[in-house]
Amino acid sequence: MSESTQKLSFIEKAGYSAGDAAANFVFMSMVLFQTSFYTDIFGLSSGTAAAILLWPRLWDAAFDPIMGIIADRTNTRWGKFRPWVLWTSLPWAVVMVLAYTTPVGWGTGAMIAWAGITNTVLMTLYSMNNMPYSALGGVMTADLNERTKVNSFRFVSANIAQFIVGGLTLPLVAKFAVGHDRQHGWQMTMTIWAVLCFVLFLVTFFTTKERIKPVVETKSSPKQDFLDLLKNSPWIALVIYTAFHFAMLTFRGGAHYNYYHHYADKAAMFDWVQNLGLTTPVLASTGSLLDWLGYIVHGTRETAATSNAADVFNSIVNMIGTGTTIIFIMLSAGLSKKFGRKNVALVCFSLAALNAFAMYLLPPTATWGMAALAVTGSVVYAPTCAIMWAMYADAADYSEWQTGRRFTGMVFATIGFALKSGLALGSAGLLWVLAGFFGYETHLPDAPNAIAGFRTCSSIVVGLFFVAIVIAVAFCKLSKKVTLQMADELEQRRNKAAAAT
């Protein structure tokens, strides 16, 4: 069996997946909480927060193709992409803490500058790390099923990190805020996540290996690489899909936070948490581990509005959804092998759209309905995680199939551009929609117009994002037949080139 198609060991798959777990400590904090962090903790207005969320990420998006050019032309004894995971690990951890640190006693202008600079540097480091990391998954093996498997491992680990971030961040923030404030709570919580990131990146670097070498080493100009990409219609469809998908994620994350904290009934959430045995009328600490983690709601149903009931409920719903995703994500390899990646993605995203629309029908007291939709939404969404990232590697194969040259870094960099642009527009777009259509003001989150906006954005608008995603995937030509034909022909070319050396 050739080195490019060999099966990957469990250790290498798990080691590779550690890098995406690390990235998700930043990514999911950004998706779920960054919008509310800048408005509720940092104290920025909705317009200023939208700008802070938009412009650094647009710069980051523009930087991704530059990073792709650099990575494709990096040559070390460790490979092209793997070294960047190591080189960026420590700076990433340091800046991650700074980005969630709120300076004390600073003026408005200095605070805005701090938020803008730290967010920009963090997003730049994210590009320098995650773009090569994603490309690394495309050169560890050429076997189509192994690619899906390694991406399944990757997204199991990513979802474990999402489980931790979504389930523990708010309770830990509330815990560390006791005796201090929520600004201190955020700084301490993100310090813990930053240390975990650093360790996980080292695991990825030391357990993986690059195997696929281009038949023709990249010697063309970046301009020629990009012009050749424009001939790659599957790549174009995936770029559009990516922009809509990641806009949906940050839009939904910000909207859901406000949905649970302002639309959902706090007394009903208290009752739901009480059924799980996570409440006590005693105000003093119980000394239990759950209390230390911030998972015990102190008080009564009558004091639910001023308690951490919404934080605990929101976190448990996040964990339920992510836990379900972890369980069902492993189905992606079997489903894609039988039906093809594109067909599975189309069905799953269509069902996700229906699940999002259904959320609009829930009254504020329907806490069990909210939890149920978190489960069903995760069941139908889970298989798409690994499938779509494997399709990005297929798009890199498509370019090599067409042109005879492989530029994996450029493919993933331009996908990264769409991803970061989507993240930026999703976060800023939520604030624009709330302000423009519902008259939302950050200091009046419980106003009836704001609550109507949170409800609509969490359901109807998210569902429309999924509809746009389905349309983009439908236009992608990477059917099961095409990917199998492409893989066979590329393998023949590589074997022929290897025999000639």
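The values are calculated or read from the model by the stated rules, or taken from the named source; none is laboratory data. Computed from a predicted model, the values in this text were never measured in an experiment. Using ideal geometry, Cβ is built from the backbone for each residue, glycine included, and neighbour counts are taken over all protein chains shown. Heads up: the accessible areas ignore ligands, DNA and RNA and are worked out on the full protein's heavy atoms, side chains in. Shrake-Rupley method; radii C 1.70, N 1.55, O 1.52, S 1.80 Å.
Table for the structure above
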item	result
Test: residue in the stretch 205-218 that is open to solvent by less than 50 Å² (accessible area, probe 1.4 Å), assigned to a helix (DSSP H, G or I) and either at pLDDT 95 or above or over 27 Å from VAL482 (Cβ atoms) (or both)	yes
Residue check, ASN129 more than 22 Å from the chain's Cα centre (by Cα), closer than 30 Å to GLU12 by Cα and of a type outside the set (Gly, Ala, Ser)	no
Output for the stretch 114-142, where each listed residue is of a type in the set (Phe, Trp, Tyr) and open to solvent by 10 Å² or more (accessible area, probe 1.4 Å)	TRP114, TYR126
Residue in the stretch 105-113 that is open to solvent by less than 40 Å² (accessible area, probe 1.4 Å), farther than 21 Å from TYR16 by Cα, assigned to a helix (DSSP H, G or I) and not aromatic (Phe, Trp, Tyr) present	yes
Residue count, the stretch 357-372 (criterion: outside any helix (DSSP H, G or I) and open to solvent by less than 70 Å² (accessible area, probe 1.4 Å))	4
Helices (runs of 4 or more DSSP H) contained in the stretch 422-501 and holding at least 1 residues open to solvent by 80 Å² or more (accessible area, probe 1.4 Å) and either polar (S, T, N, Q) or at pLDDT below 80 (or both)	480-500
Qualifying residue in the stretch 30-40 (condition: surrounded by fewer than 24 Cβ atoms within 10 Å (Cβ to Cβ), more than 29 Å from ASP397 (Cβ to Cβ) and among the small types (Gly, Ala, Ser))	yes
ASN151 vs. criteria open to solvent by less than 30 Å² (accessible area, probe 1.4 Å) and either modelled with pLDDT under 85 or more than 13 Å from the chain's Cα centre (by Cα) (or both)	yes
First in the stretch 361-389 and hydrophobic (A, V, I, L, M, F, W, C), second anywhere and not in a helix (DSSP H, G or I), Cβ under 7 Å, 6 or more apart	MET370/ALA264; MET370/LEU362
Among the candidates ILE66, ILE11, residue that is part of a helix (DSSP H, G or I), of a type in the set (A, V, I, L, M, F, W, C) and farther than 30 Å from THR322 by Cβ	ILE66
Residue that is most open to solvent (accessible area, probe 1.4 Å) [pool: residues in the stretch 93-104 that are part of a helix (DSSP H, G or I) and either among the basic types (Lys, Arg) or touching a residue at least 40 places away in the same chain (Cβ under 8 Å) (or both)]	VAL94
Count of residues meeting criterion [among the hydrophobic types (A, V, I, L, M, F, W, C) and not in a helix (DSSP H, G or I)] in the stretch 159-200	1
Count of residues meeting criterion [assigned to a helix (DSSP H, G or I) and farther than 15 Å from TRP368 by Cβ] in the stretch 291-313	12
Unmet criterion (only one of (1) under 22 Å from TYR263 (Cα atoms); (2) open to solvent by 10 Å² or more (accessible area, probe 1.4 Å)) for PHE313	(2)
Qualifying residue in the stretch 276-290 (condition: part of a helix (DSSP H, G or I) and touching a residue at least 24 places away in the same chain (Cβ under 8 Å))	no
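Yes/no matrix, rows are residues, columns are (1) in contact with a Cys (Cβ under 7 Å, 6 or more places away or on another chain); (2) buried (at least 22 other Cβ atoms within 10 Å of the Cβ); (3) among the aliphatic types (A, V, I, L, M); (4) at pLDDT below 90:
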| residue | (1), (2), (3), (4) |
| --- | --- |
| VAL203 | no, no, yes, no |
| PRO222 | no, no, no, yes |
| LEU227 | no, no, yes, yes |
| ALA237 | yes, no, yes, no |
| ALA268 | no, no, yes, no |
